[in-house]
Amino acid sequence: MNLLRNRTFAAELALMAGVLAILAALAWLLSGPQTSLWVLGAGVVACALFWAYSVQRFQEIAQLAAEVDEILHGGRRIDFSDYREGDLAVLKNELTKMTSALAGANEHLNQEKQALANALADVSHQIRTPLTAISLLVPTIEDAQSEAERARALRELEGLVDRVGWLVTTLLKLAKADAGAIRVQAVPVDVARLVHDALAPLAGALDLRGITVQVDVQPGATFTGDAAWSAEALGNVLKNCMEHTATGGTIRISATEDAVALRLRVVDTGPGIAPEDLPHLFERFYRGAGSEGFGIGLSLAQALATAQGGTLRASNNRTTSGARFDFTFPKMVV
């Protein structure tokens, strides 16, 4: 290792040599040649010790640089456990933190990459199913022998197109929620109006299925949030309950308000949630046994509730059969 190529070391050594020469000259003038020789000898020893210390220090720096370079190009985790304390201790400690942070970030990115790949595969599968059905219906419509048969096929085709449209729209909303791009208002939300708005798009389907909806909302109940996104979240929960409630069943919606929170509960008379499905119910694209949906409605509902500072939890009704969904919107921060 040629330390003289290091400008800092060369400057320090030149400064020491200059100071040594000045001291030796002063010693010669003040005390004679013998004292000057002693000063000169002590200075040479000091320079030698400085050289030896600098060699050791620069060797440590070179080793550290080599290990960092290996991290950057080889992916090996660096181990600083064998380093002793010294003037490089702070640098080594910060490098330890840096490499740990980089390793964690890299692992997180790999997880996100895998999650994105899985999500794309799920989306492809979910969209392919109705599109395949649509492609099969087109020749059926073209070859229909009667108007009644053609009308039936067209209604089925319209339903499939609506399902694809709902899937794409919901996926876009989920993507906005993931990116933190959903802007939620913080204004008083009338819960009675919220329930009405959430039920309105489902009125026809509920009537066709013969499902009764019972609403019991505390008069004047409100919370601070976003009415439109809250209606979207509640609508997705109601849609899920409708799909799992048999003809002639009932969906009950209740809401109560106190000084702590607004609590909104939806209970259906369906078969309830299977124990193996309960932990995964809000996972994206998760579809339990007998599910009619795509497995994203409840995920979006929870994301929208969370974006407003609320929560959404699922369980089985304790008194009767059926699923239970509980929204909670806090009214105060403890």
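Please enumerate the residues belonging to segment 256-276 that are closer than 18 Å to residue 322 by Cα and not hydroxyl-bearing (Ser, Thr, Tyr).
Result: 264, 265, 266, 267, 268, 270, 271, 272, 273, 274, 275, 276.
Any residue at all in segment 260-274 that is of a type in the set (Val, Ile, Thr), surrounded by fewer than 19 Cβ atoms within 10 Å (Cβ to Cβ) and outside any strand (DSSP E or B)?
The answer is yes, given that some residue of segment 260-274 is of a type in the set (Val, Ile, Thr), surrounded by fewer than 19 Cβ atoms within 10 Å (Cβ to Cβ) and outside any strand (DSSP E or B).
Of the residues in segment 256-306, how many are more than 26 Å from residue 190 (Cβ to Cβ) and either modelled with pLDDT of 85 or more or within 18 Å of the chain's Cα centre (by Cα) (or both)?
20
Which one of these does residue 53 not meet: (1) at pLDDT 70 or above; (2) touching a Lys or Arg at 6+ places or on another chain (Cβ under 9 Å)?
(2) is the only condition that residue 53 fails.
One residue is enough: does segment 242-250 have a residue meeting the conditions crowded, with 16+ Cβ neighbours inside 10 Å and within 20 Å of residue 310 (Cβ to Cβ)?
No, the conditions are met nowhere in segment 242-250.
Any residue that is modelled with pLDDT under 75, not in a helix (DSSP H, G or I) and not acidic (Asp, Glu) - is there at least one of those in segment 168-180?
yes
Return the residue satisfying two criteria in turn: it lies in segment 196-221 and is in contact with a Leu (Cβ under 7 Å, 6 or more places away or on another chain) and within 16 Å of residue 308 (Cβ to Cβ), and of such residues it is surrounded by the fewest Cβ atoms within 10 Å (Cβ to Cβ).
So, considering only residues that are in contact with a Leu (Cβ under 7 Å, 6 or more places away or on another chain) and within 16 Å of residue 308 (Cβ to Cβ), the one surrounded by the fewest Cβ atoms within 10 Å (Cβ to Cβ) is 221.
Inspect segment 227-236 for any residue being closer than 20 Å to residue 295 by Cβ, of a type in the set (Asp, Glu) and crowded, with 18+ Cβ neighbours inside 10 Å and give the result as yes or no.
Within segment 227-236, one or more residues are closer than 20 Å to residue 295 by Cβ, of a type in the set (Asp, Glu) and crowded, with 18+ Cβ neighbours inside 10 Å.
Tell me, please, whether a residue that is assigned to a helix (DSSP H, G or I), assigned by TED's automatic domain parsing to the domain that holds residue 308, of a type in the set (Asp, Glu) and in contact with a helix residue (DSSP H, G or I) (Cβ under 9 Å, 6 or more places away or on another chain) can be found in segment 144-161.
No, segment 144-161 has no match at all.
Cβ-Cβ below 6 Å, separation at least six or inter-chain, first residue in segment 14-26 and at negative phi, second of a type in the set (Ser, Thr, Tyr): which pairs?
Listed pairs, sorted by first residue: 24/36.
The values are calculated or read from the model by the stated rules, or taken from the named source; none is laboratory data. These figures come from a predicted structure and were not determined experimentally. Virtual Cβ from ideal backbone geometry, glycine too; neighbours counted across all protein chains shown.
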